[in-house]
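The values are calculated or read from the model by the stated rules, or taken from the named source; none is laboratory data. A quick note: this is a predicted structure, and the numbers were derived from the prediction, not measured. Note that each Cβ is placed from the backbone with ideal geometry, even for glycine, and that neighbours are counted across all protein chains shown. When the accessible area is computed, the model is the full protein with side chains, heavy atoms only, and any ligands, DNA or RNA have been set aside. Shrake-Rupley method; radii C 1.70, N 1.55, O 1.52, S 1.80 Å.
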Amino acid sequence: MNAMAGAALAFDLGPRALIIALVRGMSVAAAFSLLGTLVFAIVLLPMIMPTAPAPVADLHHPVLRRLLWISISVSGSALLAWLVLEAADLAEAESIGQAFATVPKVLLVTVFGHVIALQLLMLAAATLILAGLRQRWGYILAAAFAAILVALEAGHTHALAMHFGPSFLLASQVAHLLAGAVWLGGLLPLLLFVHALPVYSGAKLAWRFSPIGAGCVLALATTASYQGWVLVGGLRGLSTTAYGLMALVKISLFFALLCFAAINRFYFTPALSGGRAEIAKSRIVFSIGVEAGLGLCIVLAAGVLSTLPPGMHMNMEMFRESVRYARLFP
Amino acid sequence: MGGLIGIFAVMAFCWFAAEAALAHAFLESAQPRVGDTVKSSPSQILLTFTEDVEPAFSKVVVRDANGARVDTGQMHPAPDSAKELIVPLKPISPGTYRVEWHVTSIDTHKTEGSYTFTVAP
């Protein structure tokens, strides 16, 4: 008898599931932007303050504050939208009213609801701190709450479902998310400040961002490899399942992003100190913009990936090998 | 460039060395077992899944050969495991029964399946 007889994944990536995945991706992208911008403000801005004109490299620069508030607004809206959409999906709601009526139940009795509630709490804490405390340590405190907000995203992933409690896979997910937030979330403020600052200060900022980016890339590659090992289901899962193909899309985007980062680091950033600095500046601004756009695509792809069943389940032959026959059958 | 090659090498190694793991709530074990023939009528079905499930958004129905429900409709999680669901049954007579399960794992993914067992004293 076939171990999978009568068993199936009730999941399909129809329009509803795709919308949920994209909304989820937006919530992650906005949380990344919040944490990345805060880390940028705390770590990088003080490094260039002695050389940059004070009003430009200030923690209270309107561009920085605007970026923070936009990140908070999008993050909060996307988290709430995700909650309602997921409630509608869980209850198989046929009306908006039915979806909203299910929200309290989801918040109270499901792990998903508990994690979303905690994320909203962390976002509210970061918002209140940023609104009330404008000193550097206020930014540090807000960054701590933003980091917890990002780390909690791991509570929605396959890692927690596979093993409820601390695990190596869960730690890997948290490290992956935090590294992604610091690197990708830092690209937009980097773009805005390199554009706004004089060429010399912009060059210094780009140089200082490079080692942070390199460290994050290393962390992302290591954790992604481990997760690929556990979740994709081998090369067969990579090439024959929707999860594997989506993982390939994400990996391709990641390497495209790496190429742009390498061009910025080894070509445009040194050129900022050369004779045609203004041209180099416009090129690096464009290149960082492309990097940020690719980063957003990666996060949205990750949202879809988290919604898809992992490869080893879609590859039924492989799944059969993992089913414990002895306990299922007499 | 060396770093990039290193990253590629680590990724390639990991996927070549890949092994299967579970990340959706599938039926791991059942009492009565899948396809089993039992001598006495069970008073309940015990289903164990590969992951913790959300009982509030899961459903298990047990039907006889005529399609009539024989479970009491009072499914509940086991007191000591979020992976287990207990489905109390009405008194059932000899025959073949189908267990249909639709569960939501804690990462909100849905799975479903069914199996039969037979009561033959």
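Considering only the range A:197-247, how many residues are assigned to a loop (DSSP other than H, G, I, E, B) and modelled with pLDDT of 80 or more? Full working, then the answer.
Here is the first cut: in the range A:197-247, the residues assigned to a loop (DSSP other than H, G, I, E, B) are A:197-198, A:233, A:241.
Remaining after also requiring modelled with pLDDT of 80 or more: A:197-198.
Matching residues across the range A:197-247 total 2.
Within the range B:41-53, how many residues are farther than 14 Å from residue B:117 by Cα and open to solvent by 10 Å² or more (accessible area, probe 1.4 Å)?
Going through the range B:41-53 one residue at a time, the tally reaches 3.
When you scan the range B:69-121, how many residues do you find that are open to solvent by less than 60 Å² (accessible area, probe 1.4 Å), under 12 Å from residue B:59 (Cβ atoms) and either away from chain A (no Cβ under 14 Å) or of a type in the set (A, V, I, L, M) (or both)?
Residues meeting the conditions: 7.
Taking only the range A:125-172 into account, find how many residues are part of a helix (DSSP H, G or I) and exposed (fewer than 14 other Cβ atoms within 10 Å of the Cβ).
Just the residues of the range A:125-172 that are part of a helix (DSSP H, G or I), to begin with: A:125-132, A:136-156, A:158-162, A:168-172.
With the extra rule that they be exposed (fewer than 14 other Cβ atoms within 10 Å of the Cβ), the set shrinks to A:128, A:131-132, A:136-137, A:168.
Within the range A:125-172, residues that are part of a helix (DSSP H, G or I) and exposed (fewer than 14 other Cβ atoms within 10 Å of the Cβ) number 6.
Please enumerate the residues belonging to the range B:55-68 that are within 14 Å of chain A (Cβ to nearest Cβ) and not polar (S, T, N, Q).
B:55, B:56, B:57, B:59, B:60, B:61, B:62, B:63
Count, please, the residues in the range A:253-278 that happen to be part of a helix (DSSP H, G or I) and either within 12 Å of another protein chain (Cβ to nearest Cβ) or open to solvent by less than 70 Å² (accessible area, probe 1.4 Å) (or both).
18
Select the strands (runs of 3 or more DSSP E) contained entirely in the range B:26-114, then report the ones holding at least 3 residues which are at pLDDT 90 or above.
Of the strands (runs of 3 or more DSSP E) lying wholly inside the range B:26-114, those with at least 3 residues that are at pLDDT 90 or above span B:44-49, B:59-63, B:76-78, B:81-88, B:95-104.
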